Amino acid sequence: MKTAVITVASAARREHLDRQRRVLAEVAGDMVRVEAWLDETPPDGIRDAGTLTLHVPPGPSGLRVGEGRNRAAEVAMAAGAELLVFLDVDCLPGPELLSAYRAAAAAHPEGLLAGAVTYLASVQRPYYAVDLPFLTRPHRARPSLPAGETRAASETEYDLFWSLSFAVTPATWHRIGGFHPGYEGYGAEDTDLAWTARARDVELRWVGGADAYHQWHPVSSPPWQHLDDILRNGAAFHERWGVWPMGGWLDAFAAAGAIEHRGEEWVRVR
C-alpha cells in the first residue's frame with residue numbers, strides 16, 4: 001500500500017521537524033513524503049531531498065493548518081498514494097505507526113483511523129526510533145488499544161479526535177471532504193473534521209500500535225496567546241454546527257474574567 005506521510009510546518013517548529021524527518025527515515029522506508037509550509041515566506045535551506053514541498057501562506061487571521069493539509073493531500077494523491085497519514089510537525093512516528101495504519105486501512109478502508117499519542121516530557125528528547133517504545137504513555141483522555149487491535153468510536157468519542165496523527169484512504173478523504181477552509185490560526189478544525197466525518201457516516205476507528213510521540217514545547221493553560229483565535233474559530237464552528245467547541249478553554253477564560261457568554265456568543269471583555 002503506497003503510503004504518504006503529510007506534515008504541515010513552520011519555521012517555529014524547525015527543530016521538531018528535523019527530528020521527525022530523522023525518525024521517519026528510520027521507520028518509513030518507501031513512502032511519499034509531503035511537507036506544506038505555512039509561513040508567509042518559506043525559510044531557506046529547509047527542503048528535504050525526496051520530499052514534495054508546497055507553500056500555503058497564512059490567511060488574514062493566521063496560519064491555515066487545515067488548508068495546508070488539504071493541499072498536501074492533493075499532492076500526495078497525485079503522486080499515487082493509497083493511504084494518507086497525517087502527522088503533526090510536533091510528532092515522532094513510532095516504529096510500528098505506519099504498519100499499524102496500513103493494516104487498519106486494509107481491514108477498514110472506509111474508516112477515519114486514529115492512533116494514540118504520547119506527550120513527551122521536556123527532558124525526553126529521543127534520537128532514535130528504537131528508543132520511543134520505552135517512552136510510551138498514551139494520553140489518558142483518549143482510547144489506547146493493544147497493538148493489532150482496532151475499535152470503532154462511539155458517537156460521543158468523535159469529540160476526542162485529534163489531527164496530531166491519523167490516516168485515511170483517498171476514497172475516505174474525498175467522502176469527508178477534507179478540512180473546512182474557514183478556520184485560520186488555532187483551534188476547531190480537528191473537531192470540525194470529526195463531526196463532518198460523523199455526519200457523513202464515516203466511522204472513526206481507534207488503532208492500536210499506531211503510536212506517535214508529541215515532542216515537548218512550552219504551553220500555557222488556558223492558551224492565552226490563542227484567545228482571539230479560539231473565539232473566532234469557535235464562532236465559525238458554532239455557525240456550522242450550532243454549538244461551541246473547546247468548552248474547557250472557554251470556561252477557563254470566562255472564570256478569569258476575559259470573556260462573557262452573551263446569548264449564543266462568547267465575547268471578549270478584556
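Please treat every number below as a calculation from the coordinates, not as lab data. Keep in mind it's a predicted model, so treat the numbers as computed, not measured. Please note: Cβ atoms are built from the backbone with ideal geometry, for glycine as well, and neighbour counts cover all protein chains shown.
Let's see how each residue does on (1) touching a Phe, Trp or Tyr at 6+ places or on another chain (Cβ under 7 Å); (2) touching a residue at least 60 places away in the same chain (Cβ under 8 Å); (3) under 15 Å from Val8 (Cα atoms):
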site	(1), (2), (3)
Asp44	no, no, no
Ser61	no, yes, no
Val65	no, yes, yes
Ala73	yes, yes, yes
Ala79	no, yes, no
Leu98	no, yes, no
Tyr101	no, yes, no
Ala114	yes, yes, no
Leu120	yes, yes, no
When you go through (1) surrounded by fewer than 22 Cβ atoms within 10 Å (Cβ to Cβ); (2) out of contact with any Asp or Glu (no Cβ under 8 Å at 6 or more places or on another chain) one by one for Val267, which number turns out not to apply? (2)
Before we move on, is Pro146 more than 17 Å from the chain's Cα centre (by Cα) and farther than 30 Å from Ala78 by Cβ? yes
Please work out which residue is surrounded by the fewest Cβ atoms within 10 Å (Cβ to Cβ), limiting yourself to the stretch 98-120 and to residues that are among the aliphatic types (A, V, I, L, M), more than 19 Å from Ala197 (Cβ to Cβ) and touching a helix residue (DSSP H, G or I) at 6+ places or on another chain (Cβ under 7 Å). Leu120
Filter the stretch 71-94 for residues that are over 15 Å from the mean Cα position of the chain (by Cα) and not in a loop (DSSP other than H, G, I, E, B); which is surrounded by the fewest Cβ atoms within 10 Å (Cβ to Cβ)? Ala78
Matching residues in the stretch 158-175 - criterion: being surrounded by fewer than 18 Cβ atoms within 10 Å (Cβ to Cβ) and under 16 Å from the mean Cα position of the chain (by Cα): Asp159
Residues to consider are Tyr158, Tyr127; find the one that is touching a Leu at 6+ places or on another chain (Cβ under 7 Å) and not hydrophobic (A, V, I, L, M, F, W, C). Tyr158
